[in-house]
Amino acid sequence: DGSLYQGQFVQGIRDGTGTFTSADGCIRYVGGWLKGQRHGSGVLTYFESAQSSEAAPTAIYDGQWYHGKKQGQGRQVYPSGSIYNGEWRDGLQCGQGAMWWPTNELYKGEWYNGRPHGRGIYIWGDT
């Protein structure tokens, strides 16, 4: 499919540490692998167009993975500029975390299934 992987293999499968780049150069993952899936610590970066030395990332996740899904502690920078820093489960914000929006709004507290849920504090920005 034109994608590129450089790193460790076990029986022909990505396993250990390595770097994956999609065929179009818009996705890059650097970190741990287990049985062909992202696992352990790693950084997933999205680019708007094919990667070049000047390309700025549009989104970044830096954190823990478990069998291909975001799980544990991690920091996600979204294309909108919003930033979430906290706990993840099954690829969604879950547990304690904080989200900051470019509108200067902030939510810090409990999350469940990708949404604020439980105890927390929400601060609205200046309008």
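The values are calculated or read from the model by the stated rules, or taken from the named source; none is laboratory data. What you see is a predicted model, and the numbers here were worked out from it, not measured in a lab. Note that we place each Cβ from the backbone using ideal geometry, even for glycine, and neighbour counts take in every protein chain shown. Note: accessible area is taken over every heavy atom of the protein model, side chains too, but ligands, DNA and RNA are not part of it. Shrake-Rupley method; radii C 1.70, N 1.55, O 1.52, S 1.80 Å.
Taken together, the residues in the stretch 102-127 that are at pLDDT below 95 and of a type in the set (Lys, Arg) amount to 0.
Among residues that are more than 30 Å from TYR122 (Cβ to Cβ) and small (Gly, Ala, Ser), SER80 is not included. When each of THR17, THR58 is tested for being over 30 Å from TYR107 (Cα atoms) and assigned to a strand (DSSP E or B), the lone residue that passes is THR17. If you go through the stretch 83-127 and keep only what is more than 19 Å from TYR61 (Cα to Cα) and not in a strand (DSSP E or B), you end up with THR103, ASN104, GLU105, TRP124, GLY125, ASP126, THR127. When you look at LYS108, is it open to solvent by 70 Å² or more (accessible area, probe 1.4 Å), more than 28 Å from GLY125 (Cβ to Cβ) and among the basic types (Lys, Arg), yes or no? When the stated conditions are applied, LYS108 does not pass them.
Within the stretch 85-101, is there a residue that is modelled with pLDDT under 95 and open to solvent by 70 Å² or more (accessible area, probe 1.4 Å)? Looking for residues that are modelled with pLDDT under 95 and open to solvent by 70 Å² or more (accessible area, probe 1.4 Å), one finds none in the stretch 85-101, hence no. Would you confirm whether or not the stretch 60-77 contains a residue that is loosely packed, with under 14 Cβ neighbours inside 10 Å, of a type outside the set (A, V, I, L, M), in contact (Cβ under 8 Å) with a residue 12 or more places away in the chain and over 30 Å from ASP126 (Cβ atoms)? Yes; the residues of the stretch 60-77 include at least one that is loosely packed, with under 14 Cβ neighbours inside 10 Å, of a type outside the set (A, V, I, L, M), in contact (Cβ under 8 Å) with a residue 12 or more places away in the chain and over 30 Å from ASP126 (Cβ atoms). With respect to the conditions (1) part of a loop (DSSP other than H, G, I, E, B); (2) open to solvent by less than 30 Å² (accessible area, probe 1.4 Å), ASP24 lacks only one, and its number is (2).
Any residue at all in the stretch 29-51 that's open to solvent by less than 80 Å² (accessible area, probe 1.4 Å), in a loop (DSSP other than H, G, I, E, B) and touching a Phe, Trp or Tyr at 6+ places or on another chain (Cβ under 6 Å)? Among the residues of the stretch 29-51, not one is open to solvent by less than 80 Å² (accessible area, probe 1.4 Å), in a loop (DSSP other than H, G, I, E, B) and touching a Phe, Trp or Tyr at 6+ places or on another chain (Cβ under 6 Å), which makes the answer no.
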